[in-house]
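Student: Just passing along the structure, written as structure tokens.
The values are calculated or read from the model by the stated rules, or taken from the named source; none is laboratory data. Predicted, not measured: the structure shown is a model, and the values here were computed from it. Every residue, glycine among them, receives a Cβ derived from its backbone with ideal geometry; neighbour counts consider all protein chains shown. Just so you know, the surface numbers come from the protein's heavy atoms only, side chains and all, with ligands and any DNA or RNA stripped out. Shrake-Rupley method; radii C 1.70, N 1.55, O 1.52, S 1.80 Å.
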Amino acid sequence: MGDVKGFLRVKREKSEYRPVCERVKDFSEVNLVPKEKHSVEQASRCMDCGTPFCHWGCPIGNYIPEWNDAVFHKHWKKAFDLLNATNNLPEITGRICPAPCEYSCVLGINDDPVTVRDDELAVIEYAFKKGFIKAHPPKKRTGKSIAVVGSGPAGIAAADQLNKAGHNVTVFERDNKIGGILRYGIPDFKLEKSILDRRINVLKKEGIVFKTGINISTNYKAEKLRKKFDAVCIACGSRAPRDLKAEGRELRGIYFAMDYLIQSNLRIEGQKFSKDRLIDAKGKKVVVIGGGDTGADCVGVAHRQGAICVTQIEIMPKPSACRTNDYPWPKYPMLLKTSTSHEEGGERDWSVLTKKFSGQAGELKKISCVRVEFQKDSKGCPTMKEKAGSEFEIEADLVILALGFLHPEKTGIIEELKLDLDSRGNVKTDADFMTSQKGIFAAGDMRRGQSLVVWAISEGRKAAHNIDKFLMGSSCLSDI
Ligand SMILES: Cc1cc2nc3c(=O)[nH]c(=O)nc-3n(C[C@H](O)[C@H](O)[C@H](O)COP(=O)(O)OP(=O)(O)OC[C@H]3O[C@@H](n4cnc5c(N)ncnc54)[C@H](O)[C@@H]3O)c2cc1C
Ligand code: SF4
């Protein structure tokens, strides 16, 4: 602990964002990398707790007190080595992780928590700037080969770990570029794609082979992969979207969030879309249905595309702005979140049920809604009731459905390999991440259900540890 009085002397201060009036005009990153002086001061607030709950809150067990101390002393290389030991993509989590560690920070009990995520970003960006990050191909190869299917954060983390252990790793990706949702879901204003390319280039130099445009099971059979490689890790995400089966759903102008976000990302990459395929908010009244993070990303994209107005509605009640008894410290709480996209404008409304979509000549024009309230039944389970007389309409010519994801796509690999599923429809594995088929492992959203980048990294790392153990009898790779 560098400064014993740091937490008393210094107030929490988040790093800066670009001003709203400037950033809504482009898709460049909103987040600014913290300045060195700022990070040193903020890191001084870390109390180096005897039981660091931040560490407990972080799915990959980042050495948070240790690297905060190193930042305070400006020992940037040490901070980087500590960060690098547990996280394969700190430049990503440093930008977009909701930071469960901060919600469990001990300082958060009676003060504002340490700015762990900002400090992480400062460390990794400093490391790239100073050239600490160089390709380190393994000194010895084991002769074992592993196929990783899917190049989202789970696939990347698994491939990185397995390559470090000396295995020959090939990543197969059906998209034309690597990254999964990091590339084709999360908008550039949260994560510029050059950040991803920078990491992929290092991994390529370290010996990982990336093969894009290959849809396993469709244009390359999974069975063939199984025969060719000593082990397979599938990390194909959880992409079956939840639909809203209301009257008028077939009208033109209603799209799933991922279709909207993927197209927006492809357009930023330079791809052109014909008028009949284009999903664009310019000059439109946009309603985003679903109050979560994906919905917030759609709000930000719609503003940048020039929507006339953007409304985001959510069926659940407005969450509390501060912790309730249901979510005591150090639990990750369900709180009202105001993302950078919400700061940029638009309306938000809660406890709203969408009843019907209406249109003219096949084109969406408005949605009919009603307010709902939640009560507990005799067993204590919440039940939803429509509020009589609370019906209202919202004009809309573009509706984005951001209602979450149900489970992985069940056709393709799952079907071909006849993989067992769990009760939620995700790929079932044993405690060692092996699916019902020997030698086939699963990781990430495909196994866990839609989650967070940091959980995908954790899954990839754990799967890699178990694959290494399966192939070699034991493993030196971390199992956290
Ligand atoms: C819009 C959106 C915004 C999000 N924002 C955040 C955020 O800000 N912070 C956060 O922590 N989390 C966020 N998440 C969640 C996070 O992105 C996911 O939890 C994470 O990407 C899951 O990683 P994954 O590797 O399991 O799967 P994915 O990222 O979904 O990657 C799976 C990959 O597998 C490929 N694939 C699938 N099938 C095949 C096949 N048959 N052959 C070859 N390749 C295949 C896919 O093309 C894809 O590239 C967001 C999610 C969405 C949808
Ligand atoms: S819980 Fe907070 S104050 Fe304690 S070690 Fe972790 S980051 Fe520092």
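Student: Kindly state, as a whole number, the per residue volume in cubic angstrom of the convex hull around the alpha carbon atoms of segment 255-326.
Tutor: Details: hull volume 8.1 nm³, N = 72.
Per residue, the Cα convex hull of segment 255-326 comes to 112 Å³.
Student: How about residue 25: which lysines have a C-alpha closer than 22 Å to its C-alpha, ignoring those fewer than 8 places off in the same chain?
Tutor: Residue 25 reaches 190, 193, 272, 282, 284, 285.
Student: Note down, for segment 365-480, the three equivalent ellipsoid semi-axes (square root of 5 times each alpha carbon gyration tensor eigenvalue), biggest first, whole angstrom.
Tutor: On the way: eigenvalues 355, 61, 42 Å².
Equivalent ellipsoid of segment 365-480: 42, 18, 14 Å, largest first.
Student: Rounded to the nearest percent, how much of the accessible area of segment 94-192 (1.4 Å probe, protein heavy atoms only) is carbon and sulfur?
Tutor: Details: 1570 of 3250 Å².
For segment 94-192, the apolar C and S fraction of the accessible surface comes to 48 percent.
Student: Also, I was wondering about something else. Which length gain, in nm to one decimal place, applies between residue 243 and residue 334 when the Cα-Cα distance is subtracted from 0.36 nm times their residue separation? Don't jump to the answer; show the numbers that get you there.
Tutor: Working: separation 91, 0.36 × 91 = 32.76 nm, distance 2.33 nm.
Full extension from residue 243 to residue 334 adds 30.4 nm.
Student: What order do 407, 75, 55, 136 take when sorted by accessible area (1.4 Å probe), most exposed first? Can you show the working numbers first?
Tutor: Details: 407 40, 75 95, 55 70, 136 130 Å².
Sorted by accessible area, descending: 136, 75, 55, 407.
Student: Report for the chain the percent antiparallel among DSSP-assigned beta bridges with both residues inside it, nearest 5. Mind showing how you got there, number by number?
Tutor: Working: 22 of 56 bridges.
Roughly 40 percent of the beta bridges in the chain run antiparallel, per DSSP.
Student: For segment 186-277, state which trypsin sites (Lys or Arg not before Pro) are in a DSSP loop and have at most 10 other beta carbons lying within 10 Å of their beta carbon. Working shown, then result.
Tutor: Numbers: sites: 190, 193, 198, 199, 204, 205, 211, 221, 224, 226, 227, 228, 239, 242, 245, 249, 252, 267, 272, 275, 277; in loops: 190, 221, 239, 242, 245, 249, 272, 275, 277.
Answer in residue order: 245, 272, 275, 277.
Student: To the nearest 20 debye, what is the magnitude of the charge dipole of the chain about its Cα centre, counting +1 on the Cβ of each Lys and Arg and -1 on the Cβ of each Asp and Glu? Show your work: numbers first, answer last.
Tutor: Values: 76 positive and 63 negative charges, 239 e Å.
Magnitude of the dipole: close to 1140 debye.
Student: Dimensions of segment 279-411 along principal axes (Cα, Å, largest first)?
Tutor: 47, 39, 34
Student: For segment 1-54, just say rounded, prolate or oblate: build the C-alpha gyration tensor, square-root its eigenvalues into a ≥ b ≥ c, call rounded for a/c under 1.5, and beyond that prolate if a/b exceeds b/c, oblate if not.
Tutor: prolate
Student: What value does segment 1-122 have for Rg/Rh, both radii from Cα atoms and Rh as Kirkwood defines it?
Tutor: Values: Rg = 14.1 Å, Rh = 14.6 Å.
Over the Cα atoms of segment 1-122, Rg/Rh equals 0.97.
Student: Are there trypsin sites (Lys or Arg not before Pro) in segment 324-393 that DSSP puts in a loop and that have at most 15 other Cβ atoms within 10 Å, and which ones? Write down the numbers at each step before the final one.
Tutor: Numbers: sites: 331, 337, 348, 355, 356, 365, 366, 371, 376, 379, 385, 387; in loops: 331, 337, 379, 387.
Listed in order of number, the matching sites are 331, 337, 379, 387.
Student: Now for a different question. Can you compute the charge dipole magnitude of segment 9-119 about its Cα centre, using +1 on each Lys and Arg Cβ and -1 on each Asp and Glu Cβ, nothing else charged? Give it in debye, rounded to the nearest 20.
Tutor: Working: 15 positive and 17 negative charges, 41 e Å.
So the magnitude is around 200 debye.
Student: Next question, about the same structure. With a cut-off of 8 Å between alpha carbons and a minimum separation of six or more residues, what is the relative contact order of segment 362-480 in percent?
Tutor: On the way: 148 pairs, mean separation 18.3, N = 119.
Relative contact order here is 15 percent.
Student: Return a whole-number percent for the relative contact order of segment 358-432, with Cα pairs under 8 Å and 6 or more residues apart as the contact set. List each step's numbers first, then the result.
Tutor: Working: 74 pairs, mean separation 17.3, N = 75.
This gives 23 percent for segment 358-432.
Student: Quick one: grab the alpha carbon gyration tensor of segment 431-476, order the square roots of its eigenvalues as a ≥ b ≥ c, and give me rounded if a/c is under 1.5, else prolate or oblate depending on whether a/b is larger than b/c. Spell out each step's value before the answer.
Tutor: Working: a/c = 3.70, a/b = 1.55, b/c = 2.39.
The shape class here is oblate.
Student: Can you work out the FRET efficiency for the pair residue 14 and residue 227, with r the C-beta to C-beta distance and R0 = 56 Å, to the nearest 0.05?
Tutor: Numbers: r = 52 Å, r/R0 = 0.92.
With R0 = 56 Å, the Cβ-Cβ based efficiency is 0.60.
Student: Related question: Using only the alpha carbons, work out the radius of gyration and Dmax of the chain in angstrom.
Tutor: In order Rg, Dmax, the Cα atoms of the chain give 23.2, 72 Å.
Student: Place a label point 7 angstrom from the Cα of residue 428 along the Cα-to-Cβ direction, then list the residues of segment 398-417 whose backbone nitrogen is under 19 Å away.
Tutor: Only 407-417 fall inside the zone, counting backbone N under 19 Å.
Student: Also: Rounded to the nearest whole Å², what accessible area per residue is found for the chain with the 1.4 Å probe?
Tutor: Working: 22170 Å² over 480 residues.
Spelled out: the 1.4 Å probe surface of the chain, per residue, equals 46 Å².
Student: OK, next. Can you bin segment 356-428 into rounded, prolate or oblate? Criterion: square roots of the alpha carbon gyration tensor eigenvalues sorted a ≥ b ≥ c, rounded for a/c under 1.5, prolate for a/b above b/c, oblate for the rest. Don't skip to the end; give the middle numbers.
Tutor: Working: a/c = 4.81, a/b = 1.39, b/c = 3.46.
Oblate.
Student: Here is a follow-up. For segment 25-67, compute Rh as the Kirkwood radius over C-alpha pairs and then the Stokes-Einstein diffusion coefficient at 37 °C and 0.692 mPa s; write the answer in µm²/s, rounded to an integer. Mind showing how you got there, number by number?
Tutor: Details: Rh = 12.7 Å.
Approximately 259 µm²/s, per Stokes-Einstein.
Student: Remind me, relative contact order of segment 60-121 in percent, using alpha carbon pairs under 8 angstrom and six or more residues apart?
Tutor: On the way: 59 pairs, mean separation 19.2, N = 62.
31 percent.
Student: Past 23 Å, Cα to Cα, is the threshold; run 379/428; 177/438; 410/438; 78/144; 74/134 against it and keep the listed order. Spell out each step's value before the answer.
Tutor: Numbers: 379/428 31 Å; 177/438 29 Å; 410/438 19 Å; 78/144 33 Å; 74/134 21 Å.
In this structure, 379/428; 177/438; 78/144 lie more than 23 Å apart at Cα.
Student: For residue 385 and residue 474, what does the FRET efficiency come to when R0 = 51 Å and r is the distance between their Cβ atoms, rounded to the nearest 0.05? Before the final figure, lay out the partial values.
Tutor: On the way: r = 57 Å, r/R0 = 1.12.
Once the sixth-power term is evaluated, E becomes 0.35.
Student: Can you give the FRET efficiency for residue 74 and residue 361, using 1/(1 + (r/R0)^6), R0 = 60 Å, r = Cβ-Cβ distance, to the nearest 0.05? Intermediate results must be reported in sequence, preceding the final value.
Tutor: Values: r = 65 Å, r/R0 = 1.09.
Calculated transfer efficiency: 0.40.
Student: What is the gain in length, in nm to one decimal, between residue 375 and residue 51 on full extension, counting 0.36 nm per residue of separation less the C-alpha to C-alpha distance? Numbers along the way, then the final one.
Tutor: Working: separation 324, 0.36 × 324 = 116.64 nm, distance 3.89 nm.
Stretched out fully, the residue 375 to residue 51 stretch lengthens by 112.7 nm.
Student: Can you give the translational diffusion coefficient of segment 144-183 in µm²/s, computed by Stokes-Einstein from the Kirkwood radius over Cα pairs at 10 °C and 1.306 mPa s?
Tutor: 157 µm²/s
Student: Still on this structure, please answer the following. Evaluate the distance, in nm, between pseudo-label points positioned 7 Å from the Cα of residue 214 and of residue 320 along their respective Cα→Cβ axes.
Tutor: 5.2 nm
Student: To continue, here is another question. Using only protein heavy atoms and a 1.4 Å probe, report how much of residue 411 is accessible, in Å² to the nearest 10.
Tutor: 90 Å²
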